[in-house]
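Novice: Attaching a single structure in structure tokens format; questions to follow.
The values are calculated or read from the model by the stated rules, or taken from the named source; none is laboratory data. Owing to the predicted nature of the structure, the values given are computational and were not obtained by experimental measurement. Because the Cβ atoms are built from the backbone with ideal geometry, glycine has one as well, and the counts that use them run over all protein chains shown. With ligands, DNA and RNA removed, areas are computed over all heavy atoms of the protein, side chains included. Shrake-Rupley method; radii C 1.70, N 1.55, O 1.52, S 1.80 Å.
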Amino acid sequence: MTATATAATTDLQTLDMAEIELREVNAALQGAPATNYTQFEIRNPRGSHAVAVGLDAEIEVTVKGSTGYYCAGMNKLATVHVEGSVGPGAAENMMSGTVIVEGDASQYAGATGHGGLLVIKGNASSRCGISMKGIDIVVHGNIGHMSAFMAQKGNLVVLGDAGDALGDSLYEARLFVRGAVKSLGADCIEKEMRPEHLEILRDLLDKAGADAKPEEFKRYGSARKLYNFNIDHADEY
Amino acid sequence: MCGIVGLFLKKDDLRPKLGDMLTDMLITMTDRGPDSAGIAIYGDDSDGLKVTVQSDTPESDFAGLDTALGEALSSPVTMKAVDTHAVLTLPEGTRDAAIAFLEARGLRIMGLGEAMEIYKEIGLPKDVAARFNLRAMGGSHGIGHTRMATESAVTTLGAHPFSTDEDQCLVHNGSLSNHNQMRRILTEKGFAPRTENDTEVAACYISSRIAEGANLGEALEGTLDDLDGFFTFVMGTKTGFGVVRDPIACKPAVMAETDDYVAFGSEYRAFANLPGIEAARVWEPEPATVYFWER
């Protein structure tokens, strides 16, 4: 075995939830900056709640299985890769970093996120990206009803279809949908796709490993009739 | 909050393990509902109609109950007493007389059916499961519920599942807002709920629709039109298993299917011990969409 291979092996810390409690797992991940570990593998999550939450360092975490509520919540800087499906509230209030879900996500994935990238390779159910505040979300499959409700900032990209009331009471988030939109919510309208939007989309599709062309999407945004927003007063907000 | 679990076997070889699998699922859902727990299990067809009764004083109430009922019906009755519950197998054509006899003795009727038995009590799911030895029960399908009470008190009769017709049972996560109005309508139709519980109203509604000729799918479809509120329902019949969520779909639900079974859980955690779950098709049931399986 070469020295490099040995170093790589010891850099990976395995956390087996069949043997240790959730608190220990999250404490190990949150305490990572004080150690040499930068890569973690969580085994046997068995649908547990709050797996890999509150991370605050540039570490890579792989979750080998499906999780319950609030997986990778409040993430900052870390990359969390879930090799399964996630329950409600995945990557809720993410600040930065990347969360990748190989399977499906339950309701309100990416809710209130301020930054970072959430990639869902399966479907996301209702309320995806609700009140998003700067996060980018790319869903390879479909999203459910009331997605991007009151979404303020960031981009929601959907390769499949969107459910009822997409973007209801939307603020300034951009919504890109390739498939059908069952219905648009109040104050959400289809908008012109300009070159800068295609550029944003191309970059996000690339980062999310999505096999789709920006030109295949439609853009939706706020009609700005519902909320008290005056672009001439933007400096005062 | 409440937790729901359900398991519908597609093949016979897992039948002896049904109770064991369902018990694991039920106990996993304890923190969604620690007030009471219950299970409806569809076992082998018996020689007649089975009635599950409950008593808070089983030692005195169940002593000689089978003999007394048999004498009243002029035909022998078999009885299986487990903790606060007893399952009596009735001779043909004695249903109404038997119910009158049992109710006159102050026993609570939990449910009736050729295949279904119902066990429910207040307390932690693990304790309820142990009291009734749920793990040892076999069968074709079963539904369980862990309750965190909201709309009515923590009582045995307020525990789920609710059975309002033969071999039918319903469990519910959510709360209904038009149950008082629906209670009056159902009472006029002859499907009066016995408790103050909102879920029992939904069970009576579904039973009334099935009595009118609807199949399980159609009856569940009707809940979307006629019931207002939050609900994830899981319903069992003698040969069927169905699921429906209200259009808003706030109450969590996840399903798993393999060649061997269909499983329902409020959360994925409930599936963690199921055989072959790693390779199962796992999905979240769509809002306002009826799913049902019949054998």
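Novice: Between chains A and B, what is the buried accessible area in Å², counting both sides, with a 1.4 Å probe and ligands, DNA and RNA left out, to the nearest 100?
Specialist: For chain A against chain B, roughly 1000 Å² becomes buried.
Novice: Which of the aspartates and glutamates could be linked to A:LYS213 by a straight reach, that is with a Cα gap under 13 Å, when you skip same-chain ones fewer than 8 residues away?
Specialist: The qualifying aspartates and glutamates are A:GLU199, A:ASP203.
Novice: Using Cα pairs under 8 angstrom and six or more residues apart, how large is the relative contact order of chain B, in percent?
Specialist: 24
Novice: Here's another thing I want to ask about it. Suppose we keep just the DSSP beta bridges with both residues in segment A:1-151; what percent of those would be antiparallel, to 5?
Specialist: 0
Novice: Which residue, A:ALA27, B:ALA97, A:THR38, has the largest displacement toward the positive end of the dipole of the protein assembly as shown when charges sit on each Cβ (Lys, Arg +1; Asp, Glu -1)?
Specialist: A:THR38
Novice: Let's see if you can work this out: charge +1 on each Lys and Arg Cβ, -1 on each Asp and Glu Cβ, no other charges. What is the dipole magnitude of chain A about its Cα centre, in debye to the nearest 20?
Specialist: The dipole of chain A has a size of about 440 debye.
Novice: Label B:ARG95 and A:THR38 with points 7 Å out from Cα along Cα→Cβ: what is the distance between them in nm?
Specialist: A separation of 7.1 nm, rounded to one decimal place.
Novice: A further question on this structure: Please compute, for peptide B:263-269, the average count of beta-carbon atoms on other protein chains lying within 10 Å of each residue's beta-carbon.
Specialist: Mean shielding count: 5.
Novice: Suppose every K and R has +1 on its Cβ and every D and E has -1 on its Cβ; what is the size of the dipole of segment A:140-237 about the Cα centre, in Debye to the nearest 20?
Specialist: 200
Novice: At a 1.4 Å probe radius, carbon and sulfur cover how many percent of the accessible area of segment B:85-226?
Specialist: Here it works out to 47 percent.
Novice: Tell me, what is the FRET efficiency for B:GLU212 and B:SER152 to the nearest 0.05, using R0 = 25 angstrom and their Cβ-Cβ distance as r?
Specialist: With R0 = 25 Å, the Cβ-Cβ based efficiency is 0.40.
Novice: Size of chain B along its principal axes in angstrom, Cα-based, largest extent first?
Specialist: 52, 43, 33
Novice: Longer than 29 Å from Cα to Cα, which of A:LYS64/B:LYS120; A:LYS121/A:LYS191; B:LYS10/B:LYS120; A:LYS133/A:LYS207; A:LYS76/A:LYS182 are they? Say none if no pair is.
Specialist: A:LYS64/B:LYS120; A:LYS76/A:LYS182
Novice: Quick one: putting +1 on the C-beta of Lys and Arg, -1 on the C-beta of Asp and Glu, what dipole do you get for the protein assembly as shown around its Cα centre, in Debye to the nearest 20?
Specialist: I would put it at about 520 debye.
Novice: For segment B:90-167, what is the convex hull volume of the alpha-carbon atoms per residue, in Å³?
Specialist: For segment B:90-167, the hull spanned by Cα atoms encloses 123 Å³ per residue.
Novice: Quick check on packing: order A:203-216, B:270-283 by the mean number of other C-beta atoms within 10 Å, highest mean leading.
Specialist: B:270-283, A:203-216
Novice: Using the Cα atoms of segment B:195-250, I'd like the radius of gyration and the largest Cα-Cα distance, Dmax, both in angstrom.
Specialist: 10.8, 31
Novice: Name the lysines eligible as straight-distance cross-link partners of B:LYS189: C-alpha to C-alpha under 26 Å, and not fewer than 8 places from it in the same chain.
Specialist: Output for B:LYS189: B:LYS50, B:LYS238.
Novice: Shifting gears a bit: Give the whole-number value, in cubic angstrom per residue, of the convex hull volume spanned by the C-alpha atoms of segment A:45-143.
Specialist: Dividing the Cα hull volume of segment A:45-143 by its residue count gives 60 Å³.
Novice: Ok, one more. Based solely on its DSSP helices, what 222 nm [θ] is calculated for the protein assembly as shown when runs of n ≥ 4 H residues each add -39,500 (n - 2.57) and the sum is averaged over all residues, nearest 500 deg cm²/dmol?
Specialist: My calculation for the protein assembly as shown gives -6000 deg cm²/dmol from helical runs alone.
Novice: Run the accessible area of segment A:76-144 with a 1.4 Å probe and give the carbon-and-sulfur part as a rounded percent.
Specialist: Of all accessible area on segment A:76-144, carbon and sulfur atoms account for 51 percent.
Novice: With angles folded into 0 to 90 degrees, how steeply does helix B:179-188 sit against the dominant principal axis of chain B? Use alpha carbons for both and round to 10.
Specialist: Helix B:179-188 sits at roughly 40 degrees to that axis.
Novice: Mind checking B:246-254 for the average number of partner chain beta-carbons within 10 Å of each residue's beta-carbon?
Specialist: Mean number of neighbouring Cβ atoms from other chains: 4.
Novice: Please work out the C-alpha center-to-center distance from segment B:43-119 to segment B:207-244 and express it in whole Å.
Specialist: 27
Novice: What spacing in nm lies between the two simple spin-label points modelled at A:LYS153 and B:ASP226, each 7 Å away from Cα in the Cβ direction?
Specialist: In this crude spin-label approximation the distance works out to 5.1 nm.
Novice: Next question, about the same structure. Give the distance, in whole Å, between the Cα centre of segment A:111-188 and the Cα centre of segment B:175-192.
Specialist: 39
Novice: Something else now. How much accessible area per residue does segment A:1-114 have, counting only protein heavy atoms and a probe of 1.4 Å, in square angstrom?
Specialist: Per residue, segment A:1-114 has an accessible area of 45 Å².
Novice: Would you mind telling me the antiparallel percentage of the DSSP bridges in the protein assembly as shown, rounded to 5?
Specialist: Within the protein assembly as shown, antiparallel bridges account for around 65 percent of the total.
Novice: Next question, about the same structure. Taking every pair of alpha-carbon atoms in chain A, what share in percent sits in each 10 Å bin, from 0 to the bin with the longest distance?
Specialist: 9, 33, 31, 18, 8, 2, 0
Novice: Okay, moving on. Straight-line reach from B:LYS126: which lysines have Cα under 25 Å away, leaving out those fewer than 8 places along the same chain?
Specialist: Result set, ordered by chain and number: B:LYS17, B:LYS80, B:LYS251.
Novice: Among B:ASN215, B:SER46, A:GLY221, which residue has its Cα furthest toward the positive end of the charge dipole of the protein assembly as shown, with +1 on Lys/Arg Cβ and -1 on Asp/Glu Cβ?
Specialist: A:GLY221
Novice: Given the Cα atoms of segment B:1-93, and with Rh set as the inverse mean 1/r over their pairs in the Kirkwood sense, what is Rg to Rh to two decimals?
Specialist: 1.05
Novice: While we're here: Taking only the alpha-carbon positions of the protein assembly as shown and ignoring solvent, what does the Debye formula give for the base-10 log of I(q)/I(0) at q = 0.08, 0.09, 0.13 Å⁻¹?
Specialist: Ignoring solvent entirely, the Cα scatterers give -0.58, -0.71, -1.20.
Novice: Using a probe radius of 1.4 Å on heavy atoms only, what accessible surface per residue do you get for chain B? Whole Å² is fine.
Specialist: 38
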